[in-house]
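Presented below is the structure to which this report refers.
The values are calculated or read from the model by the stated rules, or taken from the named source; none is laboratory data. What you are looking at is a predicted structure, and each value in this text was computed from that prediction instead of being measured. Heads up, the Cβs are rebuilt from the backbone with ideal geometry, glycines too, and the neighbour counts pull from every protein chain shown. Accessible surface areas use protein heavy atoms only, side chains included; no ligands, DNA or RNA. Shrake-Rupley method; radii C 1.70, N 1.55, O 1.52, S 1.80 Å.
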Amino acid sequence: MQMPSFDDLKVVLDARYSEFDLILLQTAYEYAKLAHEGQTRSTGEPYFNHVFQTAVKLAKLRLPSEVIAAGLLHDVPEDTERTLEDVEREFGADIAGMVASCTKLGKVKYRGEERYIENLRKMFVAMAEDVRVIFIKFADRMHNMETLYARPEHKRLRIAKEVMEIYAPIANRLGMAEYRGQFEDHAFKYLFPRDYTWTQHLLEERVRKFGPAMNRAIPTVEKELKDHSVNYVDIHGRMKHCYSLYKKLKKYGNDIDKVYDIVALRIIVPSVSDCYAALGILHSLYTPLPGRIKDYIAQPKPNGYSSLHTTVFDDQGAIVEFQIRTQQMHEEDEYGIAAHWRYKEGSAKNKHVTWMEEFAKIQKEISGDTFMDHLDNMKLDMFRDRIFVFTPRGDVIDLPEESTPVDFAYAVHTDIGNKATMAQVNRVVAPLDTTLKSGDVVEIVTDKNRKLPNEDWLRFVKTHQAREKIKDALRATKRSFIAKMLGRS
Ligand code: MN
């Protein structure tokens, strides 16, 4: 299989990227290619293809060059001889920091425990620390989903479930409808193959049924817009995502005739006034269906969605739905926060502002106060002074900052706390008062003959839980000692 060339990436980059950006990207391209040399993926293709495709997806989101570079480098420390320090020496702290967060995030794994799903989502967002890392992780996972067929079945199911439960809802909250739709469709295919095939057939049937009318309408509408000097950027057909149709069908008792927006034509125009001008032209050309005209520009949906919708009968009596929107509305609908991010310049200068504040500010611009409702849901502030550490099995333990292995031990189980003798942090022996960091893998070595926790631990534990349990155990022993003494006398 052929190795993608730097030119294959260059064609995706628009004029926004400077000569400096191109130099950075070419350097990262060469670096990653060399680092992954000789490695292959389960599909049999060179490993480098994966990081390359990740970068292409980031370039298509038109994110800053340092994010695309970090995409090229995201698997270097984990999977090659080069270390994070090597990456930092070559590309600086900002890019190395994004790569490090990606590696850490890779450890957040869904293990099928339903009650932890919401925590996992919060943890994913909190651990990313920087919204740019979420974009990289999304692009990375999207390419993994595209090549998921090559993985063994148990891995396919675990990864598909993780995407459905963790990635798609986060994409949704970030307003990234296109990523959410693609994540859900990929996962749907592996989790419910029969329902997927059934829905896919229905979709194809609809396209066969409505396709001819849509194909007829495109040149007619184009000509009419031109004749009335209304500018347009693009007219294209769009099909509902498979999983989203499936959910609607379930809601409407599988009656597909109750779902109107399965196929639609999108008209992208330069300005808001062009949107209304185009709507007027459509209505003079075709007969609108009563009650199907929606002005989401004057009254955006709660998530900030803006467009004009109308459904019409064409001259042969066929029904066609139109969605009219500006380029910016279109990009915001499909790519949400990523669309906003790309317009920002030099994100490095905002380093002092935590990304959540930045993120909240941008989202506020998009959709007024509604985003705060979502935020409330995520309760991210709560997580600002929390760390997330892992058991050797990959379960997540959520602790306050500066917690120690003793706090961890009591959070796992009282008995493990009481009998702890030693800790291993990231497979290295560490004292029980070590300060833990997010992403650490912690293992507690216990001694089953040990009867009591050490009173000294009270000096350094951070959690209320650990402190109380240590005191309880010590108190209980004192009581039984006294009881023994009394019994003896
Ligand atoms: Mn990867």
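Remark: segment 168-240 carries a charge dipole of roughly 160 debye about the Cα centre, counting +1 on each Lys and Arg Cβ and -1 on each Asp and Glu Cβ. With Cα atoms defining each centre, segment 399-461 and segment 167-194 are spaced 38 Å apart in the structure.
For each pair in Lys161/Lys301; Lys155/Lys247; Lys109/Lys137, compute the distance between the two Cα atoms and list the pairs where it is over 18 Å. In this structure, Lys161/Lys301; Lys155/Lys247 exceed 18 Å between Cα atoms. Using a probe of 1.4 Å on the protein chains alone, the accessible area found for Val12 is around 40 Å².
When you restrict to C-alpha pairs under 8 Å that are six or more residues apart and normalise by the size of the chain, the relative contact order lands at 11 percent. In summary, the chain shows an alpha-carbon radius of gyration equal to 1.19 times the 2.2 N^0.38 Å reference for compact globular proteins. Going by alpha carbons, how many degrees (0 to 90, nearest 10) lie between the helix axis of 242-251 and the longest principal axis of the chain? It is inclined by approximately 90 degrees.
With the simple model of a label 7 Å out from the Cα in the direction of the Cβ, His464 to Ile416 spans 2.2 nm. Estimated at 0.36 nm per residue, the fully extended path between Glu153 and Gln327 surpasses their Cα-Cα distance by 58.6 nm. Only Lys, Arg, Asp and Glu carry charge here, each on its Cβ (+1 for the first two, -1 for the last two); on that basis the chain has a dipole of about 2240 debye about its Cα centre. Going by Cα centres, segment 228-253 and segment 264-329 are how many Å apart? Cα centres, segment 228-253 to segment 264-329: 12 Å.
Would you mind working out the magnitude of the charge dipole of segment 26-122 relative to its Cα centre, with +1 at each Lys and Arg C-beta and -1 at each Asp and Glu C-beta, to the nearest 20 Debye? Value, rounded to 20: 560 debye. Principal-axis analysis of the Cα atoms of the chain puts helix 464-488 at an angle of about 30° to the longest axis. Farthest toward the positive end of the dipole of the chain, out of Pro300, Thr220, Tyr243, is the Cα of Tyr243, where the dipole comes from beta carbon charges about the Cα centre.
Placing Thr103, Thr404 in order of accessible area, with the largest value first and a 1.4 Å probe, yields Thr103, Thr404. Size descriptors for segment 6-150, from the alpha-carbon set: Rg then Dmax equal 15.1, 49 Å. Residues in segment 412-417 carry Karplus couplings, in order, of 7, 6, 4, 5, 5, x Hz; the curve used is 6.51 cos²θ - 1.76 cosθ + 1.60 with θ = phi - 60°, and Gly or Pro positions show x. Given R0 = 30 Å, the distance between the Cβ atoms of Lys10 and Leu34 translates into a calculated FRET efficiency of 0.95.
Relative to the dominant Cα principal axis of the chain, helix 117-128 is inclined by about 90°. Accessible surface of Ile293, taken over heavy atoms with a 1.4 Å probe and every protein chain present, rounds to 90 Å².
Farthest toward the positive end of the dipole of the chain, out of Ala96, Gly487, Val108, is the Cα of Gly487, where the dipole comes from beta carbon charges about the Cα centre. Once all protein chains are placed together, Phe313 keeps about 80 Å² accessible to a 1.4 angstrom probe. Eigen-decomposition of the gyration tensor built on the alpha-carbon atoms of segment 194-336 gives equivalent ellipsoid semi-axes of 26, 18, 13 angstrom, largest listed first.
Probe radius 1.4 Å, ligands and nucleic acids ignored: give me the carbon and sulfur share of the accessible area of the chain as a rounded percent. Within the chain, the accessible surface is 51 percent carbon and sulfur. Solvent-accessible surface of the chain, averaged per residue with a 1.4 angstrom probe and all protein chains in place: 49 square angstrom.
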